[in-house]
1. Of the residues A525, A521, A503, A529, which is surrounded by 16 or more Cβ atoms within 10 Å (Cβ to Cβ) and not β-branched (V, I, T)?
2. Which residue pairs have Cβ atoms under 8 Å apart, sit 6 or more places apart or on different chains, and have a first residue in region 400-420 that is of a type in the set (S, T, Y) and a second that is buried (at least 19 other Cβ atoms within 10 Å of the Cβ)?
3. Which of the following residues is touching a Lys or Arg at 6+ places or on another chain (Cβ under 7 Å), of a type in the set (V, I, T) and outside the structural domain of P289 (by TED's automatic domain parsing): V420, V392?
4. Go through region 109-164 and count every residue that is among the acidic types (D, E) and more than 21 Å from the chain's Cα centre (by Cα).
5. Could you tell me which of the residues T363, T436 is at pLDDT 85 or above and β-branched (V, I, T)?
6. Scan region 356-415 for residues that are among the hydroxyl-bearing types (S, T, Y) and either touching a helix residue (DSSP H, G or I) at 6+ places or on another chain (Cβ under 6 Å) or more than 17 Å from R273 (Cβ to Cβ) (or both) and report the count.
7. Six or more apart or on different chains, Cβ atoms under 9 Å: show the pairs whose first residue is in region 353-375 and without any contact (Cβ under 8 Å) to a residue 24 or more places away in the chain and within 10 Å of A687 (Cα to Cα) and whose second is hydroxyl-bearing (S, T, Y) and not in a helix (DSSP H, G or I).
8. Any residue in region 601-612 that is touching a residue at least 12 places away in the same chain (Cβ under 8 Å) and surrounded by fewer than 20 Cβ atoms within 10 Å (Cβ to Cβ) sitting within a Cβ distance under 8 Å of a residue that is outside any helix (DSSP H, G or I) and of a type outside the set (V, I, T)? List the pairs, counting only those 6 or more apart or interchain.
Amino acid sequence: MLLLTCACNGSRPTKSEVFASVPAPAKSSAATTSAAVPASAAAVPAKRELTAELEQLIAVSKAKLSPQEKRMRLQAALEKFPEHSRQRESLIVSAVTGGALDPPEWTTVISNYQGRRAEIQVTKDALTILGVRFDVTAEGAQRIADQLHAVLLTPRVLQLIWEQADVRLEPCTLPADAAIASTARMIEHSKCVDQRIAGRKGLIVNVGKHWVLTNRITAKKYLAANYGWFQKGHRPIQEVGTRHDTAHTDYSQVLRLMKPTIRVDGREVDIRRVGRSPDLWGLVSDEGPLLVWRAIRSAVAPTQDDSAVLTAPLPAPGDPKAVRLTLKRGELPIGIEQLPEATTALRRTTVQRRLLKSLRLRTEDVPEEAYWSAAAAACGGRDIFFELLNHVDIDLAELARSRAAIQQGLTCGKALAPQVHAGIGVYQLEYDHDSTPSGLALLAVPDDSFQNQLLYPPLSPTPAGVHRAYCNDDEGGPRSVCQDGERSRLIVAVNSGYLAAYAHELPSLLERFTSSQPAPAPKLAELAAFFLEPTPAEEVAVAQGGSCAFALDFTAWAFSGDESSRQRALDAVNDNAVLCGTQAWGSVLNLSRKLTFIAKNRTAALVVAAALKRRAFEASRQVPTAISRVEAQKAFDEARYSAEARALRDAKLESEGTRVTFMVNVQPNAAELRAMSELLDERRATAQQAAAVVRVLAEGKLPSDEQISPLMTPAADGMAANP
């Protein structure tokens, strides 16, 4: 059985900052690697009695039938339950966990909050059985999420999906009559959604309403909250509502999920820890620290034991003579002609910049232990320094159990830290694979000795053409196989570096990267030349028109919380630019960003310039809303907004032919620096405390209560740190 995601509970260590999330493939071809899914790795109930209806659904899900035939078979199986009932929902839940669930497609949405950036993986559409979006109660939604090791959405994440959707639908609203929860109405609604999608691909919004996680449901034991059906320029039809209990459903209450591990400034962190953190909550919540992470509180949350991982010996390495891919240090680790033909975007950044940007410390305040810890995460271990600095709660019992693994990660991190100081960088490629958005990452490291030090679960046997292969997005399986099967992301060691890619794409990528290729098509050559333009920037991202969010999501669009203003500018850029890009450099106090666009024609260039000018005007004059009651944080935010607003007013906008550039330099004045210094001084003190803990763990010891207690999560805005 294919799992949506693997064992990812609250105690899971954070992993590599090096390889950024890439969108999950829509449909995999037959894998030629060994990333298979063993039946024993599937998280299904220990004993599940197969009813005739359930056996029928599982059998039909494996049959080669048309969507219409599958829909008819599903209706036939459910016709025993013309109205919603516990029996119908039990059948749906059992069908999902029994293997009848259609393999979901994943994509990444971006969240920005107080200069932080998160990458959150969500399903592109609602979950389906035999091609039908099924409705469930909040209780049923939570049961399915538990079995699939996933998390229900928050209103904040749903808002991000609306803003970043590729396909926006008009809601399929049906009569609110006595048949609102009937099986026929469920199938009618799903068919209506399919008709409005009309074959379009990507992230789809308004496929229904969703049960969401919010602090509001703590008011009563069986209270549920739903949200959805967005409208352009208006509030959603269904704002966050708590009129229903956990046993209610109707045709519109479909199920969409997100993975529990997200990337925060390149670090993998459990979303529940992020939501509770007084520093990070705004990435996933719009109501302060989110203390509720289950739609039903009577059940027990899944644990790591739900998907047991057995230790296996390290597999034999690949034949060195068969490893033909050698990554280059410099402009690109591979040749321009070797880029995938359907490449749409490129990004590079140094690991050191990722580290410095994520810590929100003055450069001189970053201790060496922060480099060890960040590099430990790159080795597949845990970035304990990042967690401690951001008051992410540490489970002391779990810390004791994983002490040896933490020490092993820090040992690898200490060895890798000099390479981080030397400027090793990550290259990300976005491209289409079999007409589906995909991506990969490359890291050139001259020292091949790290291949045997990585802590990622090793894939066995080692695929041909690489030294070693590791599972990058799960905990591995009983025989060191990746539990996401051919949809698993792998990290493979090649000569002088590493490649992160999907298992089913690996053979074709290795073949392309190691064989002679013709000159790239003009469109791809233009994109690569744009990417390789000389610049002092530490971070560069470029994209083709229509995909500009990839290149711009860490730029001035994040200066303002006005989503409609941001979306108008982004729409204008996507509609009128052939190429778009960003260059960024600087520190937490002094930031420089340069946006460059190549427009379709001179008229289009004027449209892009006007959109940028309007965006700068609106963002510079928006009154910031205080989102923290902590005085030091509030003072920092107000000073930063002041400096950014002045930078936008003083921004340099130039247009020459079809090329448009927009230069922003954020330099706080003396008064703003004084206002920001209190928070930065506090973080410097916290960094010193966290560094002391990291030093102890690097020696294989456990920190004392006196060392760890000041770093635990404080109560935020008068709220308890834990539910």
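The values are calculated or read from the model by the stated rules, or taken from the named source; none is laboratory data. Please read these numbers as outputs of a predicted model, since none were measured by experiment. Don't worry about glycine lacking a Cβ; one is built from the backbone with ideal geometry, like all the others, and counts go over all protein chains shown.
1. Numbers: A525 fails: surrounded by 16 or more Cβ atoms within 10 Å (Cβ to Cβ); A521 fails: surrounded by 16 or more Cβ atoms within 10 Å (Cβ to Cβ); A529 fails: surrounded by 16 or more Cβ atoms within 10 Å (Cβ to Cβ).
That would be A503, the only listed residue that is surrounded by 16 or more Cβ atoms within 10 Å (Cβ to Cβ) and not β-branched (V, I, T).
2. S402/P13; S402/R382; T411/A698
3. Values: V420 fails: touching a Lys or Arg at 6+ places or on another chain (Cβ under 7 Å).
The match here is V392.
4. Residues of region 109-164 among the acidic types (D, E): 119, 125, 135, 139, 146, 163.
From what's left, more than 21 Å from the chain's Cα centre (by Cα): 135, 139.
So the answer is 2.
5. Working: T436 fails: at pLDDT 85 or above.
T363 is the lone residue from the list that is at pLDDT 85 or above and β-branched (V, I, T).
6. Going residue by residue through region 356-415, those that are among the hydroxyl-bearing types (S, T, Y) are 358, 363, 371, 373, 402, 411.
Add one more test, that the residue is either touching a helix residue (DSSP H, G or I) at 6+ places or on another chain (Cβ under 6 Å) or more than 17 Å from R273 (Cβ to Cβ) (or both), and what stays is 363, 371, 373, 411.
The number of residues fulfilling the criteria is 4.
7. Once the first residue is without any contact (Cβ under 8 Å) to a residue 24 or more places away in the chain and within 10 Å of A687 (Cα to Cα) and sits in region 353-375, no partner that is hydroxyl-bearing (S, T, Y) and not in a helix (DSSP H, G or I) comes close enough.
8. R602/G657; L606/S655; V607/A599
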